[in-house]
Amino acid sequence: ENRLMWVSTHHYQIVKFVCYYLNKVFSLAEDMIYGGEICVESMEIPADTFLYSKKYTSFKYFKDFIHKYKNNLESATKKEIDEFIKSNPEYYYTYEIAGDYYNLLGDIEKTIDFYNFALEKEVASESERKKILNKLEELNGNTGY
């Protein structure tokens, strides 16, 4: 029995996977010096080519934007919002975030448009769909749209 195990070197599982012989790992565990290498380099699985694509760059921009502005969306610029929309134009959440941004700016017409765009996309769950509908309902109740 080989008892091989591959482990991703990054949380997106698109970078290389390193291989370990588990028998070796457990036999050396007690004598292992922190930082020692025990992987089998010849059995590495190389990174996914997606990692080097324009789509990955867009994916990374999208993820970084969400992380950066999750709790302070009002500090984003309109140019950043436009780039954000371009980074993932088929995802409902992109338009929900854009709607939230324009709502913070007080641009109700654009807010409603973006929430409606979000609803035209495949929404992850019924609860997410209801959340967007509730935002629209609140806007319609407050504005008479």
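Miscellaneous remarks
- Based on protein heavy atoms only, the range 56-119 ends up with 56 Å² per residue of surface accessible to a 1.4 Å probe.
- 24 Å Cα-Cα threshold exceeded, pairs from Lys55/Lys110; Lys16/Lys70; Lys86/Lys121; Lys16/Lys55; Lys60/Lys86: Lys55/Lys110; Lys16/Lys70
- Dipole magnitude (debye, nearest 20) for the chain, charges at Cβ of Lys, Arg, Asp, Glu: 160
- Folded to 0 to 90 degrees: helix 92-105 orientation relative to the chain principal axis, Cα: 50
- Under the Debye formula (equal points on every Cα, no solvent term), log10 I(q)/I(0) of the range 75-131 at q = 0.28 Å⁻¹: -1.16
- Within the accessible area of the chain (1.4 Å probe), percent carbon and sulfur: 51
- Pairwise Cα separations in the chain fall into 5 Å bins from 0 onward with the following percentages, short to long: 2, 8, 14, 14, 13, 9, 7, 7, 7, 7, 6, 3, 2, 1, 0.
The values are calculated or read from the model by the stated rules, or taken from the named source; none is laboratory data. None of these values were measured; they are calculated from a predicted model. Cβ atoms come from the backbone with ideal geometry, glycine included; neighbour counts cover every protein chain shown. Side chains included, ligands, DNA and RNA excluded: accessible areas come from the protein's heavy atoms. Shrake-Rupley method; radii C 1.70, N 1.55, O 1.52, S 1.80 Å.
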